[in-house]
Amino acid sequence: MALWLQPEKLFTGHEILTHASLRVEAGVIVEVTSDPLPKAEYARPIKGLVTPGFVDLQVNGGGDVLLNQTPTREGMQTIAEAHRSFGTVAIMPTVITDGPDVMDAVAKAAVTAQGDRSIMGLHIEGPHISLERRGTHLGAFVRPMDERTLSVVARLRKAGIPVMITLAPEATKPEYISQLAALGAVVSLGHTAATAEQMAVAIKAGARCATHLFNAMSPMLGREPGAVGSVINSDLYSGIICDGFHVADEMIGLAVRARPIRDRMFLVSDAMATVGGQDHFELYGKNIYLREGMLVNSEGSLAGAHVTQAEGVKRLVERTGTHLLEALKMATSTPAACMGLKHLGQLEGRVLEDVLVLRDDLTVRGTLAEFTGELV
């Protein structure tokens with residue numbers, strides 16, 4: 001028997017509707033309609049805004065686990081469940097610059113975790129990046145693009161694992177980018193000191209995305225667009241961190257408005273082990289501490305982020321001037337589309353545990369499953 005739900009508002013993945021209804025069968029949303037319901041049908045009202053659960057393409061850790069430190073299926077599951085408790089229902093576990101053996105272990109874990117709840121695939125961030133713009137990545141592991149990494153990505157893609165790989169144009173050859181793109185990997189440009197000319201070559205070779213816009217990138221100047229200007233002027237997808245520390249709120253709003261093609265900006269958390277965990281963790285053998293919402297290393301430099309997608313959406317709307325519709329897309333349908341997984345950015349076909357109910361202040365009330373009692 002179908003169950004009809006009537007939220008105050010709902011976000012379909014593309015638009016925000018009022019007076020719309022959801023038809024649920026066996027714990028799955030099978031229809032979204034704005035047509036009046038038949039009088040014989042009873043629609044259960046839902047207070048708040050219903051939206052697909054959040055999607056995050058850059059998650060280094062959570063629940064006291066850092067993927068580099070625990071490159072296992074169990075590690076991925078712990079990270080995913082930590083973020084699910086805050087409304088993020090699909091993540092790309094992210095391994096940052098490290099030794100080849102760590103990359104191999106994480107790739108093996110991604111294959112064994114295929115199909116596990118909340119785990120989309122694997123984001124390989126580095127090690128083929130700029131030393132100058134490496135950020136908190138350890139310089140000893142930074143190296144040019146090589147056949148070993150290409151082989152790892154090929155194995156992952158052969159197994160059907162979605163892959164994003166962050167690299168710097170100056171740390172690889174255009175033909176490697178083309179090979180990665182031909183394998184179906186999403187090549188993302190980041191941690192780079194590239195010129196606009198180098199960025200253009202990489203984009204022509206097949207790069208489709210950019211990693212955490214503004215952070216660890218050559219800046220935009222009046223006479224040289226740099227990596228930042230190149231990304232903003234392009235049709236690349238681009239992630240951005242909205243935590244009040246990595247990028248000024250005004251610059252996020254500016255970048256969102258400046259993109260020539262809509263629905264190319266998406267929100268990432270760049271979250272570390274402290275999300276859903278303790279206020280410190282170890283990275284490359286050194287302690288990282290949470291200080292007034294900011295993760296810092298012993299030198300006082302930023303070392304990843306302590307933020308959730310839910311917090312990012314709220315800040316986008318309240319601090320950057322981004323419209324609610326745009327902010328919701330940035331945390332759901334746009335990152336899903338970037339990875340070719342559009343079903344993760346829509347309501348139809350989703351189990352109720354993967355659909356959120358938001359309060360008027362955009363905080364998470366819970367999942368639809370919690371408000372319906374439906375079995376999922």
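The values are calculated or read from the model by the stated rules, or taken from the named source; none is laboratory data. All values derive from a computational prediction rather than experimental measurement. Don't worry about glycine lacking a Cβ; one is built from the backbone with ideal geometry, like all the others, and counts go over all protein chains shown. In case anyone asks, the SASA skips ligands and DNA or RNA and just uses the protein heavy atoms, side chains included. Shrake-Rupley method; radii C 1.70, N 1.55, O 1.52, S 1.80 Å.
Here the strands (runs of 3 or more DSSP E) wholly within region 177-288 that include at least 1 residues being in contact with a Cys (Cβ under 7 Å, 6 or more places away or on another chain) and not hydrophobic (A, V, I, L, M, F, W, C) are 186-189, 237-241. State yes or no: is Leu17 assigned to a strand (DSSP E or B) and crowded, with 20+ Cβ neighbours inside 10 Å? The answer is no for Leu17.
Please determine whether any residue of region 277-297 is in contact with a helix residue (DSSP H, G or I) (Cβ under 8 Å, 6 or more places away or on another chain), within 27 Å of Val357 (Cβ to Cβ) and in contact (Cβ under 8 Å) with a residue 12 or more places away in the chain. Yes - at least one qualifying residue is present in region 277-297.
Scanning region 325-357 for residues that are assigned to a helix (DSSP H, G or I) and more than 18 Å from the chain's Cα centre (by Cα), which turns out surrounded by the most Cβ atoms within 10 Å (Cβ to Cβ)? Across region 325-357, the extreme among qualifying residues is Leu352.
Close Cβ contacts (under 8 Å, 6 or more residues apart or on different chains) running from residues in region 248-267 that are closer than 16 Å to Glu318 by Cβ to residues that are of a type in the set (D, E, K, R) comprise Asp249/Arg315; Asp249/Arg319; Val256/Glu326; Leu267/Asp56.
Applying a threshold of 8 Å to beta carbon distances and a minimum spacing of six or more residues, or different chains, the list of pairs starting in region 121-145 at a residue that is at pLDDT 95 or above and among the aliphatic types (A, V, I, L, M) and ending at one that is open to solvent by 60 Å² or more (accessible area, probe 1.4 Å) and assigned to a loop (DSSP other than H, G, I, E, B) reads Val142/Leu131; Val142/Arg134; Met145/Lys173. Number of residues in region 131-165 that are open to solvent by less than 10 Å² (accessible area, probe 1.4 Å) and in contact with a His (Cβ under 9 Å, 6 or more places away or on another chain) equals 5.
A search for C-beta distances below 6 Å between a residue of region 147-158 that is modelled with pLDDT under 95 and part of a helix (DSSP H, G or I) and any residue that is open to solvent by 70 Å² or more (accessible area, probe 1.4 Å) and among the hydrophobic types (A, V, I, L, M, F, W, C), counting only pairs 6+ apart in sequence or on different chains, returns nothing. Within the bounds of region 228-240, is there any residue that is open to solvent by less than 20 Å² (accessible area, probe 1.4 Å), within 21 Å of Glu318 (Cα to Cα), among the hydrophobic types (A, V, I, L, M, F, W, C) and within 16 Å of the chain's Cα centre (by Cα)? There is at least one residue in region 228-240 that is open to solvent by less than 20 Å² (accessible area, probe 1.4 Å), within 21 Å of Glu318 (Cα to Cα), among the hydrophobic types (A, V, I, L, M, F, W, C) and within 16 Å of the chain's Cα centre (by Cα).
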